[in-house]
Amino acid sequence: MKRIAGKNLILIGFMGTGKTEVGRLMAEFLNRKLVDSDQYLTEQEGMPVRDIFELYGEDYFRRKEKEAIQLIAAQKGLVLSTGGGAVLDCDNVAVMRAGGYVVWLDADTAALAQRLAGDDTRPLLAGGRNLADIYRSRLPYYSRAAHARVDTTGKTPLAVAREIMALLRDADY
Ligand code: S3P
């Protein structure tokens with residue numbers, strides 16, 4: 001646990017992997033402040049992510065997301081839960097890895113499809129885009145950014161958070 005002292009715990013991963021809920025539990029376990037980048041952007045922009053995409057487009061969202069990640073990840077001692085596309089930007093990955101221990105929450109695509117069924121808050125899944133295609137295209141980004149990977153398939157957020165606690169005890173980074 002010594003190694004995480006002063007560093008951020010950063011959760012990355014595809015939509016529906018439980019980053020926000022697991023982040024909440026980790027903040028509780030570690031007695032730290034949780035910052036959720038999507039929540040931060042929602043407050044900054046005064047509207048939900050879906051509306052930011054709809055009104056201003058994805059490029060605008062990514063610019064704002066980058067500003068937010070650069071600002072938040074440069075702080076210390078936080079739990080940061082990121083939006084699923086935050087790792088697409090290499091500067092984001094650099095700042096996350098420099099000041100944090102980056103944990104990738106993963107799940108198989110069948111589990112993700114089930115968790116995300118009927119969700120209308122995620123603009124990338126609107127318009128019939130194939131979840132498995134997006135997932136596959138993201139894999140190299142998550143894998144490059146992460147210090148560790150946790151498979152969340154069939155696990156509760158609590159079980160996942162406990163697994164991360166065990167990782168932090170053993171982590172060597
Ligand atoms: C996105 C994931 C979303 C949100 C936005 C874009 C992505 O966050 O940032 O809709 O590109 O994967 P969650 O991973 O919290 O759903």
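The values are calculated or read from the model by the stated rules, or taken from the named source; none is laboratory data. Bear in mind the structure is a predicted one, so any value in this text is a computation, not a measurement. Positions of Cβ are backbone-derived with ideal geometry, glycine not excepted, and every protein chain shown enters the neighbour counts.
Overview of values
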| item | result |
| --- | --- |
| Every pair of residues 6+ apart whose Cβ atoms lie under 8 Å, when the first sits in region 152-172 and is more than 20 Å from Asp108 (Cβ to Cβ) while the second is surrounded by fewer than 14 Cβ atoms within 10 Å (Cβ to Cβ) | Leu168/Met1; Leu168/Arg3; Arg169/Met1; Ala171/Arg3; Asp172/Arg3 |
| Subset of region 2-41 [farther than 22 Å from Thr156 by Cβ and either more than 10 Å from the ligand (Cβ to nearest atom) or of a type in the set (D, E, K, R) (or both)] | Lys2, Arg3, Ile4, Ala5, Gly6, Lys7, Asn8, Lys33, Val35, Tyr40 |
| Residues of region 16-34 that turn out to be at positive phi and either in contact with a Ser or Thr (Cβ under 8 Å, 6 or more places away or on another chain) or surrounded by 19 or more Cβ atoms within 10 Å (Cβ to Cβ) (or both), as a count | 2 |
| Residue ID - farthest from Gly18 (Cα to Cα), chosen from residues in region 151-173 that are in contact with a helix residue (DSSP H, G or I) (Cβ under 9 Å, 6 or more places away or on another chain) and in a helix (DSSP H, G or I) | Leu168 |
| Complete set of residues in region 122-163 that are at pLDDT 95 or above, closer than 16 Å to Ser81 by Cβ and within 14 Å of the ligand (Cβ to nearest atom) | Tyr142, Ala145, Thr152, Pro157 |
| Unmet requirement for Asp108, which otherwise passes all of (1) closer than 13 Å to Met15 by Cα; (2) touching a residue at least 40 places away in the same chain (Cβ under 8 Å); (3) within 16 Å of the ligand (Cβ to nearest atom) | (3) |
| All positions within region 72-94 that are among the β-branched types (Val, Ile, Thr), touching a Ser or Thr at 6+ places or on another chain (Cβ under 9 Å) and within 11 Å of the ligand (Cβ to nearest atom) | Thr82 |
| Top-ranked residue in region 42-61 [being under 28 Å from Val160 (Cα atoms) and not β-branched (Val, Ile, Thr); ranked as farthest from the ligand (Cβ to nearest atom)] | Glu43 |
| Failed item in (1) buried (at least 18 other Cβ atoms within 10 Å of the Cβ); (2) over 12 Å from Tyr101 (Cβ atoms), with Ala159 passing the rest | (1) |
| Selection within region 42-66 - of a type in the set (Phe, Trp, Tyr) and closer than 21 Å to Ala94 by Cβ | Phe61 |
